[in-house]
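Down below is the structure, laid out as structure tokens.
The values are calculated or read from the model by the stated rules, or taken from the named source; none is laboratory data. Note that the coordinates shown come from a computational prediction; the quantities given were computed from them, not determined experimentally. Counting neighbours? That spans all protein chains shown, and the Cβs are built from the backbone with ideal geometry, glycine included.
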Amino acid sequence: MHFIYKVSDLKVTDKKNLVLTKISKMKYAQLIVSILLLVSKLSFGQESAGDFKCFSKNNRRAERTTVLSASEDNYDVKYIHFDLKLSNDSTYIDGNVTTSALVVGSPMSAYVFELDSALTIDHILINGAPMLCATSGDIRTVSLPAPIMVGSIFTAEIVYHGNPYTTASIFNGVGGINKIRSNRWGTTVVFTQSESYHAKEWWPCKQSLLDKIDSVDIWITVPDSLKAGSNGVLSKITTIDGSHKRYEWKEKHPIDYYLISASVANYIDYSYYMHFTGSTDSMLIQNYIYSNPLTLLTFKRALDSVGLMVDYFSQIYSRYPFWNEKYGHCLAPLNGGMEHQTMTTIGFLDDPGIIAHELSHHWFGDNVTCSTWSDIFVNEGMASYSEDLFKEHFHSRLEMVMDMMSKQADVRKIDTGSVYCEDTTDESRIFSSRFSYHKGACLLHMLRYVINSDSTFFQVLKSYQQEHKNANGSIEDFRIATKSITGLYANGINIDTFFSQWAYKYGYPVYAASWNRTGNDFYLLLKQTPKVGGSVACFKMPLDIMLHSTSRDTIIRIMADQPEQLYHFIVGGSDSLVAIDPFHWVLDSFSSIIHDRSLNMLSLDQPMQSAINIYPNPTTSDWTIENLPLNSRMILTDIMGKVLWERDAHTATEALPSSDLAQGVYILRVNGEGVNDSYKLIKG
């Protein structure tokens, strides 16, 4: 779902903590633009902290399960057949919906489903036998003469009619079934929009995210001057009488309740086939566009580009999941789009970012659907970042960076809010553009930066897709998928810590930096103050430091994991400007960056307080390291960040060999539970 409110690239070649890279002159202009844009970040350093509240999975404001009655979980929906009569002149619906389901858990003594109380049920058949129905609000209960045993398949046919009372969702004020006229194109459309709790407003359903429907037939009878678009493949158009036709759509892939759709209007069908790179396979791109000839003329270029987007996302995410059916659009007067499976309902096609957003949902949202609305990040955060990947691939990296800066600025406007949705009773919180969308995209952007390898990052996304295809996934599932590829640590960052601080907690780091250079010695003092006190005591993230001079630009990657840290590097050149996070990878802010001529080696040599003991230091043989946390990771680098030695600590005391090392200064990093520290070692 995407709504609109009216209102090359530096590549770090070494995956370790410290990297020095020269920027090519060809990218110099892009770099300068990025540096200038950095100034805009400084204004965000003065925001008030606001009230701090932290919500975890065990500490939520409120949670709503998707089903209205726990009795709905007594059955597992296998198949649904829709036979609907619709037009575009009203939201009146004449429906016959047959559900086939499997009884699970315990014998079922009542069939419970949801349907808007404004809709009239004409009759109900359970396994072909007529039944009576009791109504309590939108919960409908059919008491059975005898329980249906566990493992049995039953059918429930519901015949109903009426004008439902549609509750406006945050999604442009639409929900359930809607009739809206497009003033731009002079076309009236009747269309459905069920996310998140609105399917019951137009069909008898079970609104459970975890109960994907194995397959669906959607028959829609309309006046013959109109067309009806829906999910899957249009298997047949049947003439009913001299003035009506029935569009018979078939969705063979598992589908969640809120992704089923119907759109009725005076459409034309604009379709073509796209081809996948490296394959002879092709796929239908099918679009229902307003019959106004100017509509296709206006949107044809955008529609013709959809196949290229499908192919690109298929390369980075895995093959489009529904390629043996189709992808396409039904135009409707929306201020955005909704990712109905295989046929997005979309308001306009002027913005390719919205097209990319809704298309990417077919991996993240349709193929793998969020397990709970609290986990909406795995739908919307993924799709929001897909917009940026689209811009990076088809336009420029600079355009992607500028869009990420806009998202980061939006997140910084309010301190208290997590990617994890702590209140699923509030649709405006579920679909918060600031937290579910923009902060979710920031999380992915930072994860990509932490992993520091695009091939590995996209392998994580593919692994998550394959592990949970045709089913559901959560933020925790995505964390596990990440660890399965990267291990517990990705370039010195604990993946569990990363998700804890960015997915479940509030705020972001605010840095104050001072620096100095004496000859080839460069010193940086970095202080971190979390934006929301108490949410994250200290964010643990890598940061790029750019040293700019007239002759060359150097990038140094540091690990920022302490409230106050002093760094020392040996670098050549003469620097006239220092920038931190110049390419805006991290959701952060800066209160100051100053030149402090008092920083020197004496500051670096101040004693470090730590429970870990290292001796002898200096040494001429080996170092002994005591009080190591078990299963922590030891990484030894030279002063330039090149990894020389690494090992997991299996005991509290370990020996670190130095016999093959030249005389000089080395850095030991220890990463583990409760520790993420660096130590200066000297080989004499």
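Restricting attention to region 541-565, the residues being of a type in the set (D, E, K, R), touching a Gly at 6+ places or on another chain (Cβ under 9 Å) and surrounded by fewer than 20 Cβ atoms within 10 Å (Cβ to Cβ) number 1.
Against the list (1) in contact with a Phe, Trp or Tyr (Cβ under 7 Å, 6 or more places away or on another chain); (2) more than 22 Å from PHE499 (Cα to Cα); (3) buried (at least 21 other Cβ atoms within 10 Å of the Cβ), the condition HIS568 fails is (3).
Specify which of the listed residues (ILE480, ILE485, ILE495) is over 19 Å from ALA409 (Cα atoms), in contact with a strand residue (DSSP E or B) (Cβ under 8 Å, 6 or more places away or on another chain) and at pLDDT 90 or above. First the steps, then the outcome.
Working: ILE480 fails: in contact with a strand residue (DSSP E or B) (Cβ under 8 Å, 6 or more places away or on another chain); ILE485 fails: in contact with a strand residue (DSSP E or B) (Cβ under 8 Å, 6 or more places away or on another chain).
None of the others qualify; the one that does is ILE495.
Of the residues making up region 269-317, those that are small (Gly, Ala, Ser) and either assigned to a strand (DSSP E or B) or in contact with a strand residue (DSSP E or B) (Cβ under 7 Å, 6 or more places away or on another chain) (or both) number 4. If you go through region 62-99 and keep only what is within 14 Å of ASP217 (Cα to Cα), within 33 Å of the chain's Cα centre (by Cα) and either modelled with pLDDT under 95 or of a type in the set (S, T, N, Q) (or both), you end up with just THR99.
Is there a residue in region 308-318 that is farther than 22 Å from LEU461 by Cα and either outside the structural domain of SER230 (by TED's automatic domain parsing) or touching a Phe, Trp or Tyr at 6+ places or on another chain (Cβ under 9 Å) (or both)? The answer is no, given that none of the residues of region 308-318 is farther than 22 Å from LEU461 by Cα and either outside the structural domain of SER230 (by TED's automatic domain parsing) or touching a Phe, Trp or Tyr at 6+ places or on another chain (Cβ under 9 Å) (or both).
Okay, residues lined up against (1) over 35 Å from the mean Cα position of the chain (by Cα); (2) of a type outside the set (Asp, Glu):
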site: ILE635; (1), (2): no, yes
site: GLU646; (1), (2): no, no
site: GLU654; (1), (2): yes, no
site: ILE682; (1), (2): yes, yes
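Of SER428, SER406, SER384, SER396, all but one fail to be surrounded by fewer than 24 Cβ atoms within 10 Å (Cβ to Cβ), within 26 Å of THR65 (Cβ to Cβ) and not aliphatic (A, V, I, L, M); the exception is SER428.
Would you list the helices (runs of 4 or more DSSP H) that sit entirely within region 388-483 and hold 2 or more residues that are among the basic types (Lys, Arg)? If you could, list the steps in order and put the result at the bottom.
Working: elements: 397-411, 427-430, 440-451, 454-468.
By residue number, 397-411.
Is it true that GLY336 is modelled with pLDDT under 95, surrounded by fewer than 24 Cβ atoms within 10 Å (Cβ to Cβ) and either among the small types (Gly, Ala, Ser) or within 24 Å of LYS179 (Cβ to Cβ) (or both)?
Working: modelled with pLDDT under 95: yes; surrounded by fewer than 24 Cβ atoms within 10 Å (Cβ to Cβ): yes; either among the small types (Gly, Ala, Ser) or within 24 Å of LYS179 (Cβ to Cβ) (or both): yes.
Yes: the conditions hold for GLY336.
Within region 391-420, how many residues turn out to be over 21 Å from ILE355 (Cβ atoms) and acidic (Asp, Glu)? Count: 2.
Taking first residues from region 442-459 that are of a type in the set (Val, Ile, Thr) and partners that are outside any helix (DSSP H, G or I) and crowded, with 19+ Cβ neighbours inside 10 Å, the Cβ contacts under 6 Å between residues at least 6 apart in sequence or on separate chains come to VAL450/ALA490; VAL450/ILE493; ILE451/ALA490.
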